[in-house]
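K.L.:
Right, I'll just put the structure down here and ask away after.
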Amino acid sequence: MSTIWGNHTINENRSLFIQLGDLRIWGRLVDAEVLLTYDISQTVGYSADEPPSKAIWQRWRLDAPEAELTLAPAFPARPLVIDPQTALRLPATESLVIYPKVPVWVRVISPQLDPATLLELPTRILSNTWFGDFTSGDLCYHVSSKARSTPKNDPDETNMVMAPVRISNESDSMLNIDKFCLRVGLLNIYGSGNELWTDESWLVFRGSNSDSQYDVISESNILPGDRQVLATAKDPLKKRTTGKSIATFKDLPGVGISIS
Amino acid sequence: MDSTVVSNTVSGFMLSEERIYMITRIALILVIGLPLVFSLVRLTRRVTRNRFTAQQTMLFEKLVRYSGLIILTISVLRELGFHMGSLLGAAGIFGIAIGFASQTSVSNIISGLFLIGEKPFEINDIITVGSTTGVVLSVDLLSVKMRTFDNKYIRIPNETLIKTEVTNITRFPIRRLDMNIGVAYKEDIGRVREVLMDIARQNPYCLNEPEPLIIMAGFGNSSLDMIFGLWVLKSDFLTLKNSIFEEIKARFDAEGIEIPFPHISFYTGSVTEPLPIKMVPPEEGDA
């Protein structure tokens, strides 16, 4: 299991420095106050001792000689739109499993404070995107991922979570998958060795005139057997849900725009 | 002193027992009734707030408030000895009389009912009526109240709204910000397009999908004109507008892309160079 996740104790003599992806967090305990600051950028000139001069400190009163800080992986409150870079074509009645990797968020928790969650930060700045049409839809983050058909571990990508997705085409026509929506609020996050995994998401496409079916499978056999729960789903799925989850070539938002 | 008259005096007036009972009953009606009505209004707000829109919540509140106040008024009038039959008869005659004089109000009320039914906008929407843009504060039977962005309170009669074109700016969750951009004729359009798309990608408020649009608008007098359309969440519209212009200017400067100002070139013919201009210092004695 990665040493980042779990408890970190800081005191007047021991500070905290964490780097994960583009995110760096500095933590100190000074004069009975927990001080935290962070930087999310691809800059290379930084020091573990001293944050950038532009960094803004946040502080919490804590009358204790030591502060316990717990770091846990998390997902944002918004869904993620996965762009598999190359469009996928899935014939009728076929099914496939892909393994997109998505950046994880970091939740900094102090059990000594109330509310306990001090910060929740992305490990990479993602751009906003819209999943839906011009009159309704969801604000999401955009993630570009190769979405391989076999899981591939990269030791440098410690901030990435493997999010397996099974897509079944139960319609009677070819499914052209341009993008799909991953509702990460429904997913648990697991640790397995140095890797992070989520539950398996299962999207069932039943035709362009019908909503897709969305399900979460926690006991999937494609997940590592030695996984341990690091974070539970923010908004666990109580029953199978339906909704738009797959964007095909036809209904790409942006097509059909005219300027008067 | 008569035994039926109570010896109490209030401000010098002699009060009969019957009158004291009447005042007590009225006081009880008001003391119990008014807090009850306002409690019911608060309860209605609490119950409807999470289930209905702000507009519908306000309608329910007003319905409860005015119904309660009307019932209280009728109760007090009855205690004072007014007969409701004669009051309503008088009100009918009075109503006919003022009906002729209040056609505008009636028109506003009917327009208000249409507005409430049709729902072209709701409370907290941002609308433009004529030259006025603001946030809708309330949709009432007679008028719509708005707050403009420079914090003016505007009342627009419902009849005006029914007759006028109303633009609801915040009806849909996303909006497009269209910018007119001109670049010098010498610039490579393909490169300008790439730079603009990169600026959009870097801006955190600009939506990745729907994709930004770059449309050539024409050959202007001084520049190649294009429209740069960016999609944004409605709540981020002003933030994007503020940031993107700065980013375009800074990036164009860094990339050496010229944003031309209006200018006129004089030529002596289609194949000649522009007329040379030589600046001559003024001679001595010239004014």
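The numbers here are math on the coordinates, done by the rules we state, and not lab data. Everything quoted here is computed from the prediction, not taken from an experiment. Positions of Cβ are generated from backbone atoms using ideal geometry, with glycine treated the same way; all protein chains shown enter the neighbour counts.
K.L.:
For region B:164-170, just list the computed ³J(HN,Hα) in residue order, Karplus coefficients 6.51, -1.76 and 1.60, θ = phi - 60°, integers in Hz, with x standing in for Gly and Pro.
P.N.:
Residue by residue, region B:164-170 yields 9, 6, 10, 9, 9, 6, 10 Hz.
K.L.:
So, one more: Assuming R0 = 51 Å, can you tell me the calculated FRET efficiency for the pair B:Thr128 and A:Ser173, based on Cβ-Cβ distance, to the nearest 0.05?
P.N.:
For B:Thr128 and A:Ser173, the calculated efficiency is 0.70.
K.L.:
Let me confirm one metric for peptide A:128-138, namely the mean number of other chain beta-carbon atoms within 10 Å of its residues' beta-carbons.
P.N.:
Neighbouring Cβ atoms belonging to other protein chains average 5 per residue here.
K.L.:
Separate question: Once you mark the trypsin sites (Lys or Arg not before Pro) that are in a DSSP loop and have at most 15 other Cβ atoms within 10 Å, what is the longest gap between them in chain A?
P.N.:
Longest gap between qualifying sites, sites excluded: A:55-145.
K.L.:
Show me, for region A:194-205, the HN-Hα J-couplings you get by feeding each phi into the Karplus relation (A = 6.51, B = -1.76, C = 1.60, θ = phi - 60°), rounded to Hz, glycine and proline as x.
P.N.:
Once θ is set to phi - 60°, the couplings for region A:194-205 become 8, 9, 10, 10, 10, 4, 7, 9, 10, 9, 10, 9 Hz.
K.L.:
What is the gain in length, in nm to one decimal, between B:Phe261 and B:Ser243 on full extension, counting 0.36 nm per residue of separation less the C-alpha to C-alpha distance?
P.N.:
4.3 nm
K.L.:
Let me ask something additional. Along the Cα→Cβ direction, 7 angstrom out, place labels at A:Asp211 and B:Phe219. What is the inter-label distance in nm?
P.N.:
Calculated label separation equals 5.4 nm.
K.L.:
Amide H of B:Met179 versus every other amide H placed in the peptide plane: which residues, excluding those fewer than 5 positions away on the same chain, fall under 5 Å?
P.N.:
B:Phe228, B:Gly229, B:Leu230
K.L.:
Continuing with this model, one more query. Calculate the spin-label point distance for A:Asn194 paired with B:Ala91, positioning each point 7 Å from the Cα along the beta-carbon direction, and give it in nanometres.
P.N.:
Result: 8.2 nm between the two label points.
K.L.:
Give me, ordered by chain and number, the residues 5 or more places off B:Glu209 or on other chains with an amide H under 5 Å from its own placed amide H.
P.N.:
Residues meeting the criterion, in which the H sits 1.01 Å from N, are A:Trp130.
K.L.:
Could I ask something else about it? Rounded, prolate or oblate for region B:118-168? Axes are the square roots of the Cα gyration tensor eigenvalues, ordered a ≥ b ≥ c, and the cut-off for rounded is a/c under 1.5.
P.N.:
Rounded, since a/c falls under 1.5.
K.L.:
To the nearest 10 degrees, how steeply does helix B:103-118 sit against the main Cα axis of chain B, on a 0 to 90 scale?
P.N.:
That works out to roughly 70 degrees.
K.L.:
Now for a different question. Please compute the modelled spin-label separation between B:Ile154 and A:Asn11, points set 7 Å along Cα→Cβ, answer in nm with one decimal.
P.N.:
Here the answer is 6.4 nm between the modelled labels.
K.L.:
Any aspartates and glutamates with Cα under 14 Å of the A:Lys152 Cα? List them, leaving off those in the same chain fewer than 8 positions away.
P.N.:
Those aspartates and glutamates meeting the cut-off are A:Glu195.
K.L.:
Cross-link list B:Lys145/B:Lys234; A:Lys54/B:Lys152; A:Lys101/B:Lys249: which exceed 29 angstrom alpha carbon to alpha carbon?
P.N.:
Cα-Cα > 29 Å for A:Lys54/B:Lys152; A:Lys101/B:Lys249; rest within.
K.L.:
Hey, another quick one. Over region A:54-149, what is the mean sequence separation of C-alpha contacts under 8 Å (at least six apart), divided by residue count, expressed as relative contact order in percent?
P.N.:
Reported relative contact order: 36 percent.
K.L.:
Can I ask one more? Could you go through region A:129-142 in sequence order and give the Karplus-derived ³J(HN,Hα) for each residue, using 6.51 cos²θ - 1.76 cosθ + 1.60 with θ = phi - 60°, rounded to whole Hz, and x for Gly and Pro?
P.N.:
Here the 3J(HN,Hα) series is 8, 10, 10, x, 10, 6, 10, 7, x, 10, 7, 10, 9, 9 Hz.
K.L.:
Give the long-range amide H neighbours of A:His8: residues separated by 5 or more places, or on another chain, with amide H under 5 Å away, using H modelled in the peptide plane at 1.01 Å from N.
P.N.:
Under 5 Å from the amide H of A:His8: A:Leu69, A:Thr70, A:Leu71.
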